[in-house]
């Protein structure tokens, strides 16, 4: 139990503060933030043991589709906190500016722009899990 906690605690401590409350793991169709993962491990639950295995194995989830699901959830969570002002632009001809809600719709629909954001978020998640 102590080793489990140390592994997850070290992982948690390496994360930037703003990442600690964004979903980073999926287990049985439920998303868990690093903070919730650490809590489950501290409480010694069966879920905590399974989440700890994901942390140790540097995996985001148990299914192949979990990466995309998590990326979309993380982006939706992030965009929901942004004011409804034009903030995001795409590169290309012509460039386009999106309001957060418009960008969230592009991500949900998996348009070309949405897929770009999903792929970028998947790379961010892979970087975090490798800390």
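The values are calculated or read from the model by the stated rules, or taken from the named source; none is laboratory data. This structure is a prediction, so every number in the text was calculated from the model and none was measured. When we count neighbours, we look across all protein chains shown, and the Cβ atoms used for this are built from the backbone with ideal geometry, even at glycine.
General remarks:
- Breaking point among (1) free of Cβ contacts under 8 Å to residues at least 12 places away in the same chain; (2) outside the structural domain of residue 16 (by TED's automatic domain parsing), for residue 39: (2)
- Selection status of residue 62, touching a strand residue (DSSP E or B) at 6+ places or on another chain (Cβ under 7 Å) and surrounded by 18 or more Cβ atoms within 10 Å (Cβ to Cβ): no
- Of all residues making up region 14-38, the number that are out of contact with any helix residue (DSSP H, G or I) (no Cβ under 8 Å at 6 or more places or on another chain) and in a helix (DSSP H, G or I): 4
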